[in-house]
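The values are calculated or read from the model by the stated rules, or taken from the named source; none is laboratory data. Here the structure is a predicted model, which means the values were calculated and not measured. Glycine gets a Cβ as well: all are built from the backbone with ideal geometry, and neighbour counts include every protein chain shown. For accessibility, only protein heavy atoms count, side chains too; no ligands or nucleic acids. Shrake-Rupley method; radii C 1.70, N 1.55, O 1.52, S 1.80 Å.
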Amino acid sequence: MTEFDIIIVGAGSAGAVLANRLSENPQLSICLLEAGPKDTNLAIHVPFGIAALAGMKSINWGFHTHSESNLNDREMFWPRGKTLGGSSSINAMCYIRGAAQNYDDWAASGLTGWAWDDVLPYFKKSEDNTRGVSDFHAIGGCQSVSDLKHINPLSHDFVASSVTNGLAESVDFNAQDQEGVGIYQVTQRNGSRCSTAKGFLCDDIKARPNLHIMTDVEVKRVTLDDNTATGIEIFANSTKQFLFARKRVILSAGAIGSPQILMQSGIGNKDHLQSLGIEVKAHSPGVGQNLQDHLDSTILFKTQTQRSYGLSVPALLKNALEPLNYWLHKQGMFTSNIAEGGAFLKSAPELTLPDIQLHFVPALLIDHGRSTPWGHGFTIHFCNLYPKSRGEILLQKIDGELQVDIRPNYLSHEDDIKPLIAGFKWCRKISNTSPLGDAATEWKPGGEVQTDEQIIDYLRNSAETVYHPVGTCKMGVEGDELAVVDINLNVKGINNLMVVDASVMPNIIGGNTNAATIMIAEKIADALKAAL
């Protein structure tokens, strides 16, 4: 088949949801395209496998950014999922929705229908939470959410030391108040990762005769007839091909892929497109702009005990049967997402919302896990939840081929360094508090880093992405020059073309972005089913 009612580009956190919900109507033919392979890699499904996923080129785009002037001209590594499930197949599985005020702020800016009370039903619709039904949670949805089956004792120490220093313990970061410290709930089902591919594209869904899933397909551009999307040009099986859409083309390729495809289709800033020899189909200056991400840094402590996950002879002997335990019972350390503990705190008491998020890892983690140091210890990640810096996604030509040019522009706003300094100081304080600090010695950056200036220098040399790029196809109201889509996520100026993924967020939310992306897809799927 080459003709469908709806073509969805990208089978990740949004695309898999759309494919499931839209194919519920047997009268609609749906084609779901994914640039990567099927999600058969074992490391995807075993939660502890996250330690290896960043280095797997077969299922990871492995992007690198332009050199970042405010981070000592470093080119940042940006892993993104390239398989069924997208980044939900390689993320840390932390289930976080953001703060309710984030969505109320969207609505207050004119985005009618996106307030917290509007979106909470869609968070709940997707959810199957092992804790059961409450005002904030639901059961029966496709996205399994559960408590961790295995928690390292150091993660409990992290919580205890945080409480000692005045942070309240939280049993649910997705309830009324986000502030606090606790253990993350995770997108797992019976000890295995529940990506959107596993949750929304199970075998029964894949068997629907009106749903066609294609993997290893490179999408070149959207084909247009005047101002109407008619299909897409793809490269698959070493040949150029065309697929046609009778009703909609939906881009769900993420904050990098969706603006890239739009620009390659001639939709974007006309000056930028013309400089690359791309015929301009629609001048939309916001395409690729408004890029936001959570900049993150770490502090690492080595421990004299072997309680953490780590490489040592005693640990290797102790854990020798853990693979078998997982294989037979779906129990033990292999069910851990490794980033077990979390916290949301304020860099200043007068703030309305927490502006710092922590991820506690009871292991020594450096370079996105691509290198594993010998020994035992823990790593605490701290990020700025509400950056004011804005970057952009551009195109560039390398050897005559169009490629994406990622420019996050981290720390370009002077206010963005303050929460990171506060996060660093908090992490050091709790790491030197019992019980977490017992038998622990700071490894990176080390005790010689003390002044704010020294901390800033460390941050510029160490900070990395925590994998939450959003905003590059911004949702906005009429008159917003940077708006790429309207409140229904239709691309402005082009008929039958939509963007549905994290790129439509006007402002980044306060937390991990996977759950919010699923919510966006659930909400738009409902609207589309009613309209078609």
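Of note, Lys529 does not satisfy the criterion of being touching a residue at least 40 places away in the same chain (Cβ under 8 Å), of a type outside the set (A, V, I, L, M), surrounded by fewer than 24 Cβ atoms within 10 Å (Cβ to Cβ) and in contact with a Gly (Cβ under 9 Å, 6 or more places away or on another chain). Consider region 1-17. How many of its residues are in a helix (DSSP H, G or I) and farther than 18 Å from Ile232 by Cα? Counting residues in region 1-17 that are in a helix (DSSP H, G or I) and farther than 18 Å from Ile232 by Cα gives 2. Tell me yes or no: at least one residue of region 280-294 is open to solvent by 10 Å² or more (accessible area, probe 1.4 Å), at pLDDT 95 or above, over 19 Å from Gly81 (Cα atoms) and assigned to a strand (DSSP E or B). Yes: region 280-294 contains one or more residues that are open to solvent by 10 Å² or more (accessible area, probe 1.4 Å), at pLDDT 95 or above, over 19 Å from Gly81 (Cα atoms) and assigned to a strand (DSSP E or B). Any chance region 148-164 includes a residue that's under 21 Å from Ile518 (Cβ atoms) and without any contact (Cβ under 8 Å) to a residue 60 or more places away in the chain? So far as region 148-164 goes, no, none of its residues is under 21 Å from Ile518 (Cβ atoms) and without any contact (Cβ under 8 Å) to a residue 60 or more places away in the chain. Here Ile234 meets each of (1) farther than 28 Å from Pro408 by Cβ; (2) open to solvent by less than 40 Å² (accessible area, probe 1.4 Å); (3) not in a strand (DSSP E or B) with one exception, condition (3).
For every residue, the table says whether it meets (1) more than 23 Å from Gly268 (Cα to Cα); (2) in contact with a Gly (Cβ under 6 Å, 6 or more places away or on another chain).
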{"residue": "Trp426", "(1), (2)": "yes, no"}
{"residue": "Pro445", "(1), (2)": "yes, no"}
{"residue": "Glu453", "(1), (2)": "yes, no"}
{"residue": "Ser462", "(1), (2)": "yes, no"}
{"residue": "Val470", "(1), (2)": "no, no"}
{"residue": "Lys474", "(1), (2)": "no, yes"}
{"residue": "Leu489", "(1), (2)": "no, no"}
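Scanning region 230-252 for residues that are small (Gly, Ala, Ser) and under 19 Å from Asn495 (Cα atoms) yields Gly231, Ala245, Ser252.
The residue that is nearest to the chain's Cα centre (by Cα), among those in region 132-164 that are β-branched (Val, Ile, Thr) and closer than 21 Å to Lys429 by Cα, is Val159.
Per this entry, Ile44 is not counted among residues that are closer than 30 Å to Asp367 by Cα, modelled with pLDDT of 95 or more and open to solvent by 10 Å² or more (accessible area, probe 1.4 Å). With respect to the stated conditions, Thr223 fails to be open to solvent by 30 Å² or more (accessible area, probe 1.4 Å), outside any loop (DSSP other than H, G, I, E, B), in contact with a Ser or Thr (Cβ under 6 Å, 6 or more places away or on another chain) and at pLDDT 95 or above.
Apart from one condition, Gly180 fits all of (1) surrounded by fewer than 16 Cβ atoms within 10 Å (Cβ to Cβ); (2) in contact (Cβ under 8 Å) with a residue 60 or more places away in the chain; (3) more than 20 Å from Ser336 (Cβ to Cβ); the exception is (1).
Yes/no matrix, rows are residues, columns are (1) of a type outside the set (Ser, Thr, Tyr); (2) buried (at least 23 other Cβ atoms within 10 Å of the Cβ):
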| site | (1), (2) |
| --- | --- |
| Ser88 | no, yes |
| Asn91 | yes, yes |
| Asp105 | yes, no |
| Leu120 | yes, no |
| Asp128 | yes, no |
| Ser134 | no, no |
| Gly140 | yes, no |
| Ser155 | no, yes |
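Being under 22 Å from Ser252 (Cα atoms), assigned to a helix (DSSP H, G or I) and touching a Pro at 6+ places or on another chain (Cβ under 9 Å), is that true of even one residue in region 69-87? Yes - at least one qualifying residue is present in region 69-87. Take the residues in region 310-328 that are open to solvent by 20 Å² or more (accessible area, probe 1.4 Å) and touching a residue at least 60 places away in the same chain (Cβ under 8 Å), then tell me which one is nearest to the chain's Cα centre (by Cα). For region 310-328, the residue satisfying everything is Gly310.
For region 91-142, give me the residue count where each residue is under 23 Å from Asp486 (Cα atoms) and not in a loop (DSSP other than H, G, I, E, B). Looking only at that region, the number is 17. Take the residues in region 183-215 that are open to solvent by less than 40 Å² (accessible area, probe 1.4 Å), outside any helix (DSSP H, G or I) and among the polar types (S, T, N, Q), then tell me which one is nearest to Gly511 (Cα to Cα). The residue in question is Gln185.
The residue that is modelled with the lowest pLDDT, counting only those in region 330-388 that are open to solvent by 40 Å² or more (accessible area, probe 1.4 Å) and small (Gly, Ala, Ser), is Ser371.
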